[in-house]
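Visitor: Below: one structure in structure tokens.
Since every read-out is calculated from the coordinates, none of them should be taken as a lab result. Because the structure is a prediction, the values reported are computed rather than measured. We place every Cβ from the backbone using ideal geometry, glycine too, and count neighbours over all the protein chains shown.
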Amino acid sequence: MLPAMSEARDPQSEGEAVADVLERVRAGARQRQAELASLDRDLGDLPASLAELRRQTDLEEPSLPREGSSALVHYLQKAIYHLFTARHHRSLLRQQTRFNRSVALSLEDLYRRQRRLRAALDETAAADPNQDGSG
């Protein structure tokens, strides 16, 4: 039940609650940073967005929700899925996974080629400091 508007709230307890929430958010952020740092050490200098894309290329087969339904309903849903749609879904999942992997590889290749081009341009600019680009 919500406290009445006329009741005074203790600012000390609100401050402690806010500090507790902030500490939990910080702990979650630290944990996520540690997970990202430890997942793909072989990606080298790829940006985080490409690393995340590589991790998410594989699709999973859908799972049927169990909560709120009886065991019989769940069994019937599962049987219908396996009898009529599983083969079709699996082929679509394989096709989408192959596409996702090829897109991830293409983006990584594009990123590496862009970095090489940027390095070559920087090297050219450093070799000829008198060139102002006006030709």
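Visitor: Using unit Cβ charges (K, R positive; D, E negative) and no other charged atoms, how large, in debye to the nearest 20, is the dipole of the stretch 67-111 about its Cα centre?
Guide: Here the size comes out at about 260 debye.
Visitor: For E60, E14, what ranking results if the residue with the fewest other Cβ atoms within 10 Å of its Cβ goes first?
Guide: Going from least to most buried by this count: E60, E14.
Visitor: In addition: Across the stretch 99-114, in residue order, what do the Karplus-derived ³J(HN,Hα) couplings come to in whole Hz, using 6.51 cos²θ - 1.76 cosθ + 1.60 with θ = phi - 60° and x for Gly and Pro?
Guide: 5, 4, 5, 5, 5, 4, 5, 5, 5, 5, 5, 4, 4, 5, 5, 5
Visitor: So, one more: Using θ = phi - 60° and the Karplus curve 6.51 cos²θ - 1.76 cosθ + 1.60, what whole-Hz ³J(HN,Hα) does each residue of the stretch 47-60 get, with Gly and Pro shown as x?
Guide: Here the 3J(HN,Hα) series is x, 4, 5, 6, 5, 5, 4, 5, 5, 9, 6, 7, 9, 9 Hz.
Visitor: Would you mind classifying the stretch 78-135 by shape? Square roots of the alpha carbon gyration tensor eigenvalues, ordered a ≥ b ≥ c; an a/c under 1.5 is rounded, otherwise it is prolate if a/b is larger than b/c and oblate if not.
Guide: Prolate, because a/c is 1.5 or more and a/b exceeds b/c.
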